[in-house]
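Colleague: Below is a structure I'd like to ask you about.
We did not get these values from a lab; they are worked out from the coordinates using the rules stated. Given the structure is predicted, the values throughout are model-derived calculations rather than measurements. Cβ placement follows ideal geometry from the backbone for every residue including glycine, while neighbour counts extend to all protein chains displayed.
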Amino acid sequence: MKKLLTEFSVQPIETPTVDFNTALAALMVEVMRSDGKLLAVELKQIEELLVEQCELERAQVDALIKTAQLLVEQAIDLYLFIKQVNNHTDDVERIEIVQLLWYVAYADGNIDSYEDHTIRKISGLMYVTHADFIAAKLAASA
């Protein structure tokens, strides 16, 4: 019996750690993936935003996006990424991040309902008010 119990004992699951840039990239990748289409124009938008916002070289951004895609595919939820973003930003910066997510969604000229839902969920978990969520959406669409 003891042997059987040890075979089924719960082993602690190692949670990967991510830095802020990886977390930001992962949230952008999640928005890109949310409509079930991986469009080159959305990927290009993510690249441009990360080069600008994170002050990285293009090669670094390419590696960052690949890492983010892998992490998002393996993730059960967005908690790891949201926690990292929340820990390193204030309210104003979180609103700016929501606006960046809208830029990704608008990259193909169409906001899918799944993209809208994903950004709404992320903004709620980042404690962004609905008014600021809408303001970020409008600012990104201008």
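Colleague: Between 46, 95, 76, where does the largest GNM mean-square fluctuation fall for the chain, given springs only between Cα atoms within less than 10 Å?
Modeller: 76
Colleague: Mind checking the angle between helix 58-74 and the chain's longest principal axis? C-alpha axes, 0 to 90 degrees, to the nearest 10.
Modeller: With both axes taken from Cα atoms, the answer is about 50 degrees.
Colleague: Next question, about the same structure. What is region 54-95 by shape, rounded, prolate or oblate, if you read a ≥ b ≥ c off the alpha carbon gyration tensor as root eigenvalues and call it rounded for a/c under 1.5, prolate for a/b larger than b/c, and oblate otherwise?
Modeller: Oblate shape, in that a/c is at least 1.5 and b/c is the bigger or equal ratio.
Colleague: Something else about it: Give me the angle, in degrees from 0 to 90, between the Cα long axis of helix 20-33 and the longest principal axis of the Cα atoms of the chain, rounded to the nearest 10.
Modeller: 80
Colleague: Per the Kirkwood definition applied to all pairs of different Cα atoms, how many angstroms is the hydrodynamic radius of the chain?
Modeller: 15.9
Colleague: Counting alpha carbon pairs within less than 8 Å and at least 6 residues apart, what relative contact order, in whole percent, applies to the chain?
Modeller: 31
Colleague: Relative to the longest principal axis of the chain, what angle (0 to 90°, nearest 10) does the C-alpha long axis of helix 40-54 take?
Modeller: Value to nearest ten degrees: 90.
Colleague: Something else about it: Can you give the extra length, in nm with one decimal, that the chain gains between residue 53 and residue 127 once fully stretched, where that is 0.36 nm per residue apart less the Cα-Cα distance?
Modeller: 24.5 nm
Colleague: Could you give the length gained on full extension between residue 79 and residue 111, defined as 0.36 nm per residue of separation minus the Cα-Cα distance, in nm?
Modeller: 9.1 nm
Colleague: Okay, moving on. Return 103, 79 ranked ascending by Cβ neighbour count within 10 Å, so the fewest neighbours appear first.
Modeller: Ascending number of Cβ neighbours within 10 Å: 79, 103.
Colleague: Pairs of lysines 8 or more apart, or on different chains, with alpha carbons under 20 Å: count those in region 19-141, would you?
Modeller: 6
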